[in-house]
Amino acid sequence: WCYAYINRRAEDLFGIDRNALLGQRWDTHPPHDNLGQQSTLLDRVFNSGVAESFTTHVTGKENSLIESHVYKSDGGIALYFRDISEQRQIELARAAQEVAEAANQAKNTFLSRVSHELRTPLNAVIGFAQVLQHDRAHPLAPDQLAMAHKIEASGAHLLHMINDVLDISKAEAHALRVD
């Protein structure tokens, strides 16, 4: 089976003279190394007449990805090559962006839920510290009153930090209302 057609892009991609390959046998003159390894595919195309496609890397070129289409044509093989390296990099970048966005959303959901779960018991600690400080029936000794005040102040500080984390999470999720 001989080459009946090779598109112009093959010359740029593989550094070949496509006109020199026309009429040559595909098994003795593959335009690139990987096509020579595709004898089963080429046999299938020639015998069935159904076009086949595959992707391959160009030997010696980093990050290259070539889409090859093989057709039966005029008693021979027609080859059409297309460089899809940039397209594949864009697809990979989009996929990575989607993964990053999903991870960011999961982080925001986690922070929101954890923050809400921490606020409830923290408000109870602050409330009990205030009750202890203002209990007129059983007043605290001065050193106990100072400790209850420290508990309340530390709890208020922690509650403020949790609210800040919630605000950051809402801002990243574009759900923060700014006045």
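The values are calculated or read from the model by the stated rules, or taken from the named source; none is laboratory data. Computed from a predicted structure; not experimentally measured. We place every Cβ from the backbone using ideal geometry, glycine too, and count neighbours over all the protein chains shown. Each accessible area value is taken on the protein alone, full model and side chains, heavy atoms only, with ligands, DNA and RNA left out. Shrake-Rupley method; radii C 1.70, N 1.55, O 1.52, S 1.80 Å.
Please verify whether residue 144 is open to solvent by less than 60 Å² (accessible area, probe 1.4 Å), of a type in the set (S, T, N, Q) and farther than 19 Å from residue 115 by Cβ, treating the condition exactly as stated. Walk me through it before giving the result.
Details: open to solvent by less than 60 Å² (accessible area, probe 1.4 Å): no; of a type in the set (S, T, N, Q): yes; farther than 19 Å from residue 115 by Cβ: yes.
It is false that residue 144 is open to solvent by less than 60 Å² (accessible area, probe 1.4 Å), of a type in the set (S, T, N, Q) and farther than 19 Å from residue 115 by Cβ.
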Exercise. Are any residues in the stretch 14-39 under 19 Å from residue 66 (Cα atoms), modelled with pLDDT under 80 and not in a loop (DSSP other than H, G, I, E, B), and if so, which ones?
Worked result: 14, 33, 34, 35, 36, 39
Exercise. Can you spot a residue in the stretch 104-124 that is touching a Gly at 6+ places or on another chain (Cβ under 7 Å), at pLDDT 90 or above and more than 30 Å from residue 49 (Cα to Cα)?
Worked result: yes
Exercise. When both residues are 6+ apart or on different chains and their Cβ atoms are under 7 Å apart, which pairs have a first residue that lies in the stretch 82-110 and is part of a helix (DSSP H, G or I), and a second that is open to solvent by 60 Å² or more (accessible area, probe 1.4 Å)?
Worked result: 85/63; 104/172; 108/172
For this session: Take the stretch 111-141 and flag every residue that is free of Cβ contacts under 8 Å to residues at least 24 places away in the same chain and surrounded by 14 or more Cβ atoms within 10 Å (Cβ to Cβ).
Result: 114, 128, 130, 132, 133, 140
Exercise. Quick one: residue 153 ticks every box in (1) farther than 30 Å from residue 15 by Cβ; (2) open to solvent by less than 60 Å² (accessible area, probe 1.4 Å); (3) touching a residue at least 24 places away in the same chain (Cβ under 8 Å) bar one, so which box is it?
Worked result: (3)
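Filtering the stretch 147-170 down to residues that are of a type in the set (Gly, Ala, Ser) and under 19 Å from residue 118 (Cβ atoms), which residue is modelled with the lowest pLDDT?
169
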Problem set entry | Conditions (1) part of a helix (DSSP H, G or I); (2) in contact with a Gly (Cβ under 8 Å, 6 or more places away or on another chain): number failed by residue 72 | (1)
Problem set entry | Counted residues, the stretch 49-63 - those being of a type in the set (S, T, N, Q) and at pLDDT below 75 | 3
Problem set entry | Odd one out for residue 169, checked against (1) small (Gly, Ala, Ser); (2) within 26 Å of residue 104 (Cα to Cα); (3) assigned to a loop (DSSP other than H, G, I, E, B) | (3)
Problem set entry | Residue ID - least open to solvent (accessible area, probe 1.4 Å), chosen from residues in the stretch 67-93 that are over 21 Å from residue 8 (Cβ atoms) and not aliphatic (A, V, I, L, M) | 75
Exercise. Is there a residue being of a type in the set (A, V, I, L, M, F, W, C) and surrounded by 13 or more Cβ atoms within 10 Å (Cβ to Cβ) anywhere in the stretch 94-108?
Worked result: no
